[in-house]
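Notes to accompany the following structure.
The values are calculated or read from the model by the stated rules, or taken from the named source; none is laboratory data. Note that the coordinates shown come from a computational prediction; the quantities given were computed from them, not determined experimentally. Cβ sites come from the backbone with ideal geometry, for glycine too, and all protein chains shown count toward neighbours.
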């Protein structure tokens, strides 16, 4: 169901890109914008593991550095049928974790120092299972595709803005006025719609990782318990980084490092925490997911 939802959302982004391109006078502008956005996101996708780990000053962990953490990741990757990823420790005290890498063969799992202090072994396994599900589902690729489409739409909206400034205002006939209105609507609505759809893609992938992680560990309640602790912990100990870095990487973490409710929740990269926990508790009542 989550994969179907993601496919539908990506199709909506594609349709939105085609619509915006047609308003600007054909598909050539849409193709150019798509190529520019794809080139920018290709670099991020290919080197995402190195970039993000360096941002947060992560240190690679060996079996000798942290036998419990490394062994837990090793055990869960074997259960999930995945190659062993690199394991990193981040010095931040906020409790959180993320996975990155362009594919399962080039993946990395990172946890903060804070998460090691507040989670027990069972809860930590639930978190690691969630992150490995992101790797298995190739969610970095999915998010890169969504970012490329949304980025292309944003570029086209900027092109429309410049067109309105330098050319659109000189048309007085009925057709010109209609085109001007279309441009204004597209400039406002298209980037907002693209951002909302991109956020919805991210939320859908979080649900999918919750399910995948719970299946790998056979213990949905452990992940539910971990999410409660991480949600409260991230609110009490904010992520120590710049706002720009936090905003750019928020979608990667298991819990949103950015706090805020109301309108901010609409643009959140993560589903409501209470909904995620409720779904995991419902899974626990289905004994086919429980460890036998």
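Could you identify the single residue in 57, 92 that is outside any strand (DSSP E or B), closer than 29 Å to residue 243 by Cα, touching a strand residue (DSSP E or B) at 6+ places or on another chain (Cβ under 9 Å) and without any contact (Cβ under 8 Å) to a residue 40 or more places away in the chain?
Matching residue, one of 57, 92: 57.
Those residues that are part of a helix (DSSP H, G or I), closer than 19 Å to residue 135 by Cα and either modelled with pLDDT of 70 or more or in contact with a helix residue (DSSP H, G or I) (Cβ under 6 Å, 6 or more places away or on another chain) (or both), I need them from the range 33-47; list them, please.
Listed by number, the residues that qualify are 41, 42, 43, 45, 46.
Residue 203 is checked against (1) touching a helix residue (DSSP H, G or I) at 6+ places or on another chain (Cβ under 8 Å); (2) in a helix (DSSP H, G or I); (3) closer than 24 Å to residue 56 by Cβ and fails just one. What number does that condition carry?
(1)
Can you spot a residue in the range 131-154 that is farther than 30 Å from residue 17 by Cβ, modelled with pLDDT of 90 or more, buried (at least 19 other Cβ atoms within 10 Å of the Cβ) and within 22 Å of the chain's Cα centre (by Cα)? It would help to see each step written out before you state the result.
Step one: filter the range 131-154 for residues farther than 30 Å from residue 17 by Cβ, giving 131-132.
From what's left, modelled with pLDDT of 90 or more: 131-132.
If we keep only those that are buried (at least 19 other Cβ atoms within 10 Å of the Cβ) as well, we get 131-132.
Add one more test, that the residue is within 22 Å of the chain's Cα centre (by Cα), and what stays is 131-132.
So far as the range 131-154 goes, yes, one or more of its residues are farther than 30 Å from residue 17 by Cβ, modelled with pLDDT of 90 or more, buried (at least 19 other Cβ atoms within 10 Å of the Cβ) and within 22 Å of the chain's Cα centre (by Cα).
Let me spell it out: the conditions are (1) at pLDDT 65 or above; (2) out of contact with any helix residue (DSSP H, G or I) (no Cβ under 7 Å at 6 or more places or on another chain); (3) under 26 Å from residue 156 (Cβ atoms), and residue 25 meets all of them except one. Which number is the exception?
Answer for residue 25: the failing condition is (1).
Here is a yes/no grid of residues against (1) closer than 27 Å to residue 137 by Cα; (2) at pLDDT 75 or above; (3) over 16 Å from the mean Cα position of the chain (by Cα):
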{"site": "187", "(1), (2), (3)": "no, yes, yes"}
{"site": "194", "(1), (2), (3)": "yes, yes, no"}
{"site": "202", "(1), (2), (3)": "yes, yes, no"}
{"site": "206", "(1), (2), (3)": "yes, yes, no"}
{"site": "228", "(1), (2), (3)": "yes, yes, yes"}
{"site": "257", "(1), (2), (3)": "yes, yes, no"}
{"site": "263", "(1), (2), (3)": "no, no, yes"}
{"site": "272", "(1), (2), (3)": "yes, yes, no"}
{"site": "276", "(1), (2), (3)": "yes, yes, no"}
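Please find, within the range 238-255, the residue that is surrounded by the fewest Cβ atoms within 10 Å (Cβ to Cβ) out of those that are part of a loop (DSSP other than H, G, I, E, B) and at pLDDT 85 or above.
238
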